[in-house]
Each structure stands twice: as structure tokens, then as C-alpha cells.
Amino acid sequence: MEKSTYSTKKGLAQMLKGGVIMDVVTPEQAKIAEDAGAVAVMALERVPADIRAQGGVARMSDPGMILKIMEAVSIPVMAKVRIGHIVEAQILEEIGVDYIDESEVLTPADTKHHINKHQFRVPFVCGARDLGEALRRIAEGAAMIRTKGEAGTGNVVEAVFHMRTVMDEIRKLSSMSKDELMAEAKNLGAPYELITEVGVTGRLPVVNFAAGGIASPADAALMMQLGADGIFVGSGIFKSENPLKRAKAMVEATTHFNNPKVLAEVSKDLGEAMHGLELSEIKEKDRLAVRGW
Amino acid sequence: MIAEMKKRQPIGILALQGSFLEHALAVEKTGAQAVLVRLPKDLEGVKGLIIPGGESTTISKLLDAYNLTDIIRNLALRGFPLYGTCAGMILLSKKIENSNADLSRVNSLSLIDITIRRNAFGRQLESFEEELDMPVIGKRPFHAIFIRAPLILQVGSSVRILASLKDNSQHNLQGKQIVAVEQGAILVTAFHPELTDDLRIHRYFLEKVKKYARQKNDLIVNSFI
């Protein structure tokens, strides 16, 4: 018997596929998410839209608050640590969260290094904008990837760009001859072994969800059609007029992403979506997706 | 081609959420045809159905939302073969024991006479891999992956036990730890054969399908969808 193997870490992400993971800030929101059919919740003190609005340093959430959410629901509970903050990760492993998100949404603790995730028993998910970044995180031990998008904007444009970029690069690798792969490994800044593996299999070695700006059932289905394995929704649900109804609709849209009839039905009468931000309104220094190395 | 001339057995994979693509791949590797099932009409013509791993709360809500719960139940009561892994096993069980949660979270299909406990070993940090003896698929042990896995606590008289964990002490649990059983045409495992390359359990289920899938199945399916 062996616990916390890479297969069990990757395996939990595989069990979440085709599902929606929702940001929640209270046990009550966690229950609403579970009732709506979320496959997991991300426990945090402020959703990305509020972090963006309030500014300041965003850190790991209070472990006491995360534990209350873990007690409130039977689905897996994830929580975020700052990029490179090894000790925040040790604390979350100690309280037994099911997954850690080493997240650009929080203020980075290290401007050069990410956490060596192989050292942990708890699995990690990390953000990526392109294939090189995804494979660097996987080499560090990430058992799940999410494309970054631009969190807290309610604007899907960056999520689309990142997912298309990753998928394009995978297709390109698949069509390359073996002697081109080393140069491409150098070009993408990713380990040669992983580049070779992706070239052969034509897919990432771990599950890849879409995140950052997904705010409607149509957004969720769009990301699934572009090749996402599942969806993270941050501010999009609890910053909208009718969270339960919208959450349910997004769950159904993620399952029936290829069925316009269902998508039309679930998109009806959802009330106001979160207001959202046009990307050009966000200064370069305020972009979250550029955090990560 | 010869392979195309021989009609492949269509097996449904419930594709609402979870590891359905992994199951579909395993089914295709055995030579059968995988059919993804999201709506009642997708059941047309399939000879058996696999309910994958995933989140049982999520899958149960999506089953209810499109009337699949009653249809699958009615089919199964007439001998339609079903195989549930992990969340699938939870959904097929008659009784769910859950010490810290209200039962309403999972609306079970209630088809196999077992009592199970969700997340019986604990949270993700307790997920594990173990070699399992399962005589019905052969002598070689099966490498089983358990993820936030449920456990079978009690079985009814019509249920046959196929595999149990060898060493109870490592999981801090009492009693016999049953992880695979069958009852007629229904098979369930607490672990995930779809995450490994070992196809023996899928083949075992497909044998069941052959045995139980008679022509009347088509008539039954068409009468419910």
C-alpha cells in the first residue's frame, strides 16, 4: 500500500474532469456550490475581483476558515498559496486540503522560483499561459494545470488566448520530427523529456482546466469546446445576481458543452452576470497572469 | 476489413462528469464500441452502461436533471448490465452511510444491495495504490488506485464479494474491507481500473454484458427513452 503517489495526485484531477470548481469565501457559499453540482470548491478569503479592487498583499487564507469549509461540504476542497511560498503550502498540507493551487491570484512570495511540488504529499494545480509554462510546472510536480486567463475580470478573452496557445503548441509538437524537439524544448523553456512525451501522445500529461474570466454558461462551454478538461469559476458566480441559478447553469453547460439546445435552455433568465472588465482598462502592472516564471 | 465486419458491442459510458474518457478508451481497447451517454436518447442500442469515477454529488444532480435516474433504474431492474467505479459505485448502492453529512446530497440509483461509506479512508492525503487479489479475473494481482474512495460496509445475501483489501491495519479501519462486488448483471468497484492499462476488469464486465444482453434489451431501452 502506497499513499500520495503521483498517480493518486493526477487521478483526483481526472475525477474532476468535465466539472466546475467554484471559488467560495464562506461555508454557506460552499454549500450553495455543492448543491449546484460543483465538483470541488476553492476556499479563499476574497474572490479575485475583490483582490483586484482592494489591492494590497493577498496571502493564503486563514486555515480556520478553510477548515470550516472542509467541514461544510463532502466534495474536495482546494486552497491557494502564493507562488513560491513553501510554508503556506506546508500549512495547507497539514490541515489536509485536497489540492493546493499555487496561484498568481495571490501576491507572489518568490520572483524566481515556484514550489518544488514533488516534496509534498498533497497534489498541486498551477496556472499556465502557454505549453512551456505548463510543462515547467509539471516538471516541478504539478499534478494538474489550469490555463490562467485574467482572474477577477469576468472577461473570457485571456482564457481563450491561453487555451488556444497551449493547444496550438501541442499540435505543433505532434507534427514535429524527433530531431526538431530539442530546439523546441529550448524555445519553450521546457524539459526535453516532457516535450517528447507531449509530441508522442498529443496531449498534456495531466488534466488541464480553464480559468480566469469565465462568467457565463456560454463561456464555460466555449472553453470546453476549445479543449479544456473542466472549468474554474472564480468571481463569476458569487458576484452575479443569482449565484445558485448561475452555478447550476454553468455545471450543466460544462457537461452539455456540445449541445446548443441545452446551452440555450440553461442560459435563460440567469439575471445579471458580474459586471466585468475590459482588458485594456487593466494596466500591465495590474495583470495577474504575468506572474509566474 | 475483418474488424469492421464483426459487429462491435456498443457499451454506454455515462459522460456527465468524471473519468468517462478513460473508461471509453479502455472499452475501445477491448474491441467493444464506447458510446458516450449524456441524454436518454444516447442509450439507444447500448448493451450495458459504465458509470465512471467522478463526484457522486455532481453526477447524481446531472442524472436527475435529464431524467436519466428513472430510466437507468428501470433498465437495471430488467437485467440491463451496469458497472460503477468509485462515484459510480456510490450511485448504484442501496444504502449510503455518511457520518458527517446529510444523505440527500447523493440521490442514489439504489440498485445493488450494499451499504457503503463515502470517502471512507479520509481525504485526498489518504488516497492510495494497492495490489489486490481478485480471483474472478485471474491469479495475477490487480494494481488498484483508490482516490478519496468509498468502501463497502455490508452486503446483502444476493451479492457476491469479488475483492477485499489485504491489510486492514494500514487504513485504521475495522472489519473486512470489501472493495469489489457483483449482484447479477451489476458490478461495482471502489477503485479505478480506468486509470491503469490493465483491462481485465473491463473484460470481465463485457463478458457479463454478453451473458445478459439478449435481444430484448433493445426493446426495453426503446420503451423507456
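The values are calculated or read from the model by the stated rules, or taken from the named source; none is laboratory data. Because the structure is predicted, anything quoted here is derived from the model rather than measured. Glycine gets a Cβ as well: all are built from the backbone with ideal geometry, and neighbour counts include every protein chain shown.
Among the residues in the range B:27-36, are any under 28 Å from A:Ala33 (Cβ atoms), among the small types (Gly, Ala, Ser) and out of contact with any Ser or Thr (no Cβ under 7 Å at 6 or more places or on another chain)? Walk me through how you get there before you give the answer.
First, the residues of the range B:27-36 that are under 28 Å from A:Ala33 (Cβ atoms): B:36.
Now drop any that are not among the small types (Gly, Ala, Ser), which leaves none.
No, the range B:27-36 contains no residue that is under 28 Å from A:Ala33 (Cβ atoms), among the small types (Gly, Ala, Ser) and out of contact with any Ser or Thr (no Cβ under 7 Å at 6 or more places or on another chain).
Would you point out the residue of the range A:139-191, among those that are among the β-branched types (Val, Ile, Thr) and under 19 Å from A:Gly236 (Cα atoms), that is surrounded by the fewest Cβ atoms within 10 Å (Cβ to Cβ)?
In the first step, residues of the range A:139-191 are kept if they are among the β-branched types (Val, Ile, Thr); the result is A:145, A:147, A:153, A:156-157, A:160, A:165-166, A:170.
Add one more test, that the residue is under 19 Å from A:Gly236 (Cα atoms), and what stays is A:147, A:153, A:156-157, A:160.
Values: A:Thr147: 31, A:Thr153: 29, A:Val156: 24, A:Val157: 14, A:Val160: 20.
Selected residue: A:Val157.
How about the range A:29-64: which of its residues are out of contact with any helix residue (DSSP H, G or I) (no Cβ under 8 Å at 6 or more places or on another chain) and either within 23 Å of A:His275 (Cβ to Cβ) or free of Cβ contacts under 8 Å to residues at least 40 places away in the same chain (or both)? I'd like the intermediate steps shown before the answer.
Taking the range A:29-64 as the starting set, the residues that turn out to be out of contact with any helix residue (DSSP H, G or I) (no Cβ under 8 Å at 6 or more places or on another chain) are A:42, A:44, A:51, A:53-57, A:61-62, A:64.
Selection gives A:Met42, A:Leu44, A:Ile51, A:Ala53, A:Gln54, A:Gly55, A:Gly56, A:Ser61, A:Asp62, A:Gly64.
Cβ-Cβ below 6 Å, separation at least six or inter-chain, first residue in the range B:194-208 and within 14 Å of another protein chain (Cβ to nearest Cβ), second modelled with pLDDT of 95 or more: which pairs?
B:Glu194/B:Ser19; B:Glu194/B:Glu22; B:Glu194/B:His23; B:Glu194/B:Ala26; B:Leu195/A:Gly11; B:Leu195/B:Ile145; B:Thr196/B:His143
Output the residues belonging to the range A:165-188 that are among the acidic types (Asp, Glu) and over 27 Å from A:Ala228 (Cβ atoms). Even if it seems obvious, please write down each step before you answer.
Going residue by residue through the range A:165-188, those that are among the acidic types (Asp, Glu) are A:168-169, A:179-180, A:184.
Answer for the range A:165-188, where residues must be among the acidic types (Asp, Glu) and over 27 Å from A:Ala228 (Cβ atoms): A:Asp179, A:Glu180.
Report those helices (runs of 4 or more DSSP H) wholly inside the range A:48-148 carrying at least 2 residues which are at pLDDT 95 or above. It would help to see each step written out before you state the result.
Details: elements: A:48-54, A:63-72, A:86-95, A:131-139.
Answer list for the range A:48-148: A:63-72, A:86-95, A:131-139.
Conditions (1) buried (at least 24 other Cβ atoms within 10 Å of the Cβ); (2) within 14 Å of another protein chain (Cβ to nearest Cβ), marked per residue:
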position	(1), (2)
A:Val81	yes, no
A:Gly84	no, no
A:Val97	yes, yes
A:Thr107	no, no
A:Thr111	no, no
A:Ile115	yes, no
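What do you reckon, is A:Lys17 surrounded by 19 or more Cβ atoms within 10 Å (Cβ to Cβ) and either facing chain B (nearest Cβ under 10 Å) or touching a Phe, Trp or Tyr at 6+ places or on another chain (Cβ under 8 Å) (or both)? Show your work before the answer.
Numbers: surrounded by 19 or more Cβ atoms within 10 Å (Cβ to Cβ): yes; either facing chain B (nearest Cβ under 10 Å) or touching a Phe, Trp or Tyr at 6+ places or on another chain (Cβ under 8 Å) (or both): yes.
Against the criterion (surrounded by 19 or more Cβ atoms within 10 Å (Cβ to Cβ) and either facing chain B (nearest Cβ under 10 Å) or touching a Phe, Trp or Tyr at 6+ places or on another chain (Cβ under 8 Å) (or both)), A:Lys17 qualifies.
How about the range B:135-160: which of its residues are within 16 Å of the chain's Cα centre (by Cα) and assigned to a loop (DSSP other than H, G, I, E, B)?
Selection gives B:Ile147, B:Arg148, B:Ala149, B:Pro150, B:Val159.
Out of the range A:223-245, which residues are within 18 Å of B:Gln17 (Cβ to Cβ) and buried (at least 19 other Cβ atoms within 10 Å of the Cβ)? It would help to see each step written out before you state the result.
Start the filter on the range A:223-245 by keeping residues that are within 18 Å of B:Gln17 (Cβ to Cβ), which leaves A:223-225, A:227-233, A:237.
Of everything in the range A:223-245, those that are within 18 Å of B:Gln17 (Cβ to Cβ) and buried (at least 19 other Cβ atoms within 10 Å of the Cβ) turn out to be A:Met223, A:Met224, A:Ala228, A:Asp229, A:Gly230, A:Ile231, A:Phe232, A:Val233, A:Ile237.
Tell me which residues, restricted to the range A:26-47, are in a loop (DSSP other than H, G, I, E, B) and of a type outside the set (Ser, Thr, Tyr). Talk me through it step by step, then tell me what you get.
Of the residues in the range A:26-47, the ones in a loop (DSSP other than H, G, I, E, B) are A:26, A:37-39, A:44-47.
Within the range A:26-47, A:Gly37, A:Ala38, A:Val39, A:Leu44, A:Glu45, A:Arg46, A:Val47 meet the criteria.
Could you check, for the range B:53-62, whether at least one of its residues is touching a helix residue (DSSP H, G or I) at 6+ places or on another chain (Cβ under 9 Å), away from every other protein chain (no Cβ under 12 Å), modelled with pLDDT of 95 or more and part of a helix (DSSP H, G or I)? I'd like the intermediate steps shown before the answer.
Let us first name the residues in the range B:53-62 that are touching a helix residue (DSSP H, G or I) at 6+ places or on another chain (Cβ under 9 Å), namely B:53-62.
Adding the requirement that they be away from every other protein chain (no Cβ under 12 Å) leaves none.
Checking the range B:53-62: not a single residue is touching a helix residue (DSSP H, G or I) at 6+ places or on another chain (Cβ under 9 Å), away from every other protein chain (no Cβ under 12 Å), modelled with pLDDT of 95 or more and part of a helix (DSSP H, G or I).
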